[in-house]
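**Student:** If you scroll down you'll find the structure; I have some questions about it.
The values are calculated or read from the model by the stated rules, or taken from the named source; none is laboratory data. As the structure is a computational prediction, the values presented were derived from the model and not from experiment. Here the Cβ positions follow ideal geometry from the backbone for every residue, glycine too, while neighbour counts run over all protein chains shown. Ligands, DNA and RNA are excluded from the accessible area calculation, which covers all protein heavy atoms including side chains. Shrake-Rupley method; radii C 1.70, N 1.55, O 1.52, S 1.80 Å.
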Amino acid sequence: LPSAWGGQEHLYDCIRNLAVLSQGATLADGASPSVKNVTHRPGQKLALRYEIVQDVPGVPSAGRSITYRPIVQPTYVHLIGHAAFVTPAIDVSTPVHVTFAWRGLPRDWSVATSYGAGSRTQRFTGLLGDLQHSIFVAGDFRLRTLSIRSKPVVVAMRGRWKFTDDDFNQLVAKVFTMEREFWDDFNYPYYVITLIPLEGSPGQYSIGGTALKNSFATFVTTNAAIEDLKHLL
């Protein structure tokens, strides 16, 4: 189970109602709260079910470091793989094949992940560590696809800001174009930037973000100006 990442601890508290569904297989506690043992027949295909919950009440806000924990709100969800996935106890360099199928979401919700945007099904073939180091959002996000040297950069943002969506998209396009040209590195078949608002009392100000697989996740108080985001990006 998730344990600690990005300064957050006890991430296993965000996993509830873990159960093994495969006939004859059993689930038992392991040596620590983040370890569970499944006993099963040799070679048996295993299916498990669990719930991802927001274990800290309220909404993301300045001064409360919950953006790396699962955020589950009525209008959106924001998940980082390190804090959301139950995985086999195998080396993070192990190749894995994964399919994500988002089912039962409200019809007007958008989906964006490190592996695609718009579609409610994404597939990933790569390392387990990359899967954990990924972003997954769904909800009232506004999606815009930019083209940087014919490569898609998806912006997934929600909330209301002092700047317009176009202002932010233009800044993203400018920064990405200049940096990729400087390094002569356009080997990015896909990239996504997520932007969610942080609540704060008058005078509170916070901008932050973290680089993940094919992605950059940002968390910003709504009093930030577009100029403030240049250094962040």
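**Student:** Can you report the number of residues in segment 5-30 which are surrounded by fewer than 12 Cβ atoms within 10 Å (Cβ to Cβ) and over 24 Å from residue 67 (Cα atoms)?
**Tutor:** 7
**Student:** I would also like to ask the following. Identify the single condition in (1) in contact (Cβ under 8 Å) with a residue 12 or more places away in the chain; (2) open to solvent by 70 Å² or more (accessible area, probe 1.4 Å) that residue 2 does not satisfy, given that it satisfies every other one.
**Tutor:** (2) is the only condition that residue 2 fails.
**Student:** If we scan segment 31-51, do we find a residue that is of a type in the set (A, V, I, L, M), closer than 30 Å to residue 107 by Cβ and loosely packed, with under 14 Cβ neighbours inside 10 Å?
**Tutor:** yes
**Student:** Checking the structure you have, find out if any residue of segment 58-76 is touching a strand residue (DSSP E or B) at 6+ places or on another chain (Cβ under 9 Å), open to solvent by 60 Å² or more (accessible area, probe 1.4 Å), assigned to a strand (DSSP E or B) and farther than 22 Å from residue 212 by Cβ.
**Tutor:** no
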